[in-house]
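What follows is calculated from the coordinates using simple rules that are stated; it is not laboratory data. Just so we're clear, the structure is a prediction, and the values are computed from it rather than from any experiment. Reconstructed Cβ throughout: ideal geometry from the backbone, glycine too, with neighbour counts over all protein chains shown.
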Amino acid sequence: MDAADALKLFELDNNIVPLSASDEKVYCYDGQLQSDQLDQRPWRADPRYYRKVEISSIALVKMVMHARSGGDIEVMGLMLGKVVGQTMVVLDAFALPVEGTETRVNAHHESYEYMVQYLEQCQAAGRQEPVIGWYHSHPGYGCWLSGIDVETQMLNQKFQEPFLAVVIDPKRTMSAGKVDLGAFRSFPEGHIAAKSQDTDSDGFQSVPLNKIEDFGVHADKYYPLDVGYFKSSLDQRLMERLWRKHWVSTLSQSPLITNGEFTTLKMLELAEKINIFSKDAKKNVSAGQIIRESDAIAEEVSQGYASNMIKKRLFGGT
C-alpha cells in the first residue's frame with residue numbers, strides 16, 4: 001500500500017464526499033449574502049438552528065495532524081468558514097501556539113497576536129472567510145465538552161456568533177483508524193434542554209472514570225451537530241502533499257505498539273467500570289456502556305493485528 005492508496009482508504013473510511021462542479025461554489029465567499037443571513041440572528045429563536053457541519057478534507061487533515069502532534073497534551077486551533085442555511089461549513093483550519101495541560105488549553109497573549117497576524121495575512125492573500133469556530137484535542141478521553149470548554153464556547157457564541165466547537169481525540173483516531181471528531185454548540189444561558197434529545201438512548205459515551213462527573217454535569221448545556229466531510233478538485237493536490245507528510249510519519253509505526261499504552265489504560269478502565277457496576281449498578285455505569293466499550297477495544301485490537309500483517313507482507317517483515 002503506497003501513500004496514494006492510503007489516502008483513498010482514509011477518504012473511504014471517513015466518507016469524504018467529492019463535490020460536483022456545481023457544488024464547488026461553496027468556496028466562493030459572498031460577504032453581503034453572509035451578512036444578510038446573520039442579520040436575522042436565527043439562533044435566537046431556535047437554539048438548535050444549526051444542525052450540521054460540513055468540514056473540508058484539507059481542514060480535517062490539518063486538525064488531525066495537529067491533534068496527533070500534541071501527544072498527551074491538549075492543543076488548540078481556529079477554523080475558517082461560513083454558514084449555508086442551517087449548515088456550518090469549515091473550509092480551513094490553523095493551529096494556535098497555546099500552552100496546554102492534560103485537562104485544558106489556555107490561549108495567551110502570544111496566541112492572540114499570532115491569530116491576528118494570520119488573519120491579516122489571509123485577507124491580504126484574498127481569503128475573506130471569517131473565523132467560524134475553534135477546535136481542540138482530547139487525547140484518549142473522547143469527544144465532548146468539559147465545564148471549561150462549555151464556558152469558552154458560551155462566551156464565543158455570545159460575542160462571535162455563529163461559532164462552532166470541534167473536539168478531536170487523536171489517540172482514538174489512531175487506534176480505530178477513523179477520525180474521532182465531534183462538533184458542538186452550547187445552549188444560551190438559562191436554556192433547559194430535554195434529556196431525550198440531548199443524549200443517546202442509553203447515554204453512551206466512552207469517558208474515563210476520572211472525567212465522568214465533569215461530562216455528566218455539563219452534558220445538557222450543549223448539543224452535537226451532525227458531521228460530514230467533503231473535498232473539491234482544488235483540494236486534491238493539497239491533500240496529496242499533506243498526506244505524504246502524514247503517511248511517511250506513520251508508515252513504519254505499528255498501531256499495536258503506538259497505542260499499546262492507551263489500549264492497556266482502556267482495558268484497566270473497563271475492568272474498573274465492571275467492578276463498579278457489579279457493586280452498584282446505579283453509579284454512572286451501565287451494562288450497555290460496558291458491552292459497547294469492550295466491543296470497541298476488541299475491534300481496535302483486531303484492526304491493529306490486521307494492519308501489522310499487511311505491513312509485514314508489504315515490507316518484507318516476518
Multiplying the sequence separation of residue 301 and residue 51 by 0.36 nm and subtracting their Cα-Cα distance, what value in nm do you get? 86.6 nm
When Lys and Arg each count +1 and Asp and Glu each count -1, what net charge do the other residues less than 14 Å away from residue 50, Cβ to Cβ, add up to? +3
The FRET efficiency for residue 114 and residue 275, from their Cβ-Cβ distance with R0 = 35 Å and rounded to 0.05, is 0.15
Which of 82/231; 62/171; 25/62; 8/178; 158/221; 25/158 exceed 19 Å between C-alpha atoms? The answer is 25/62; 25/158
Please report the net charge: other residues with Cβ closer than 10 Å to the Cβ of residue 162, K and R +1, D and E -1. +2
Using 0.36 nm per residue of separation minus the Cα-Cα distance, give me the extension gain between residue 25 and residue 264 in nm, one decimal. 81.4 nm
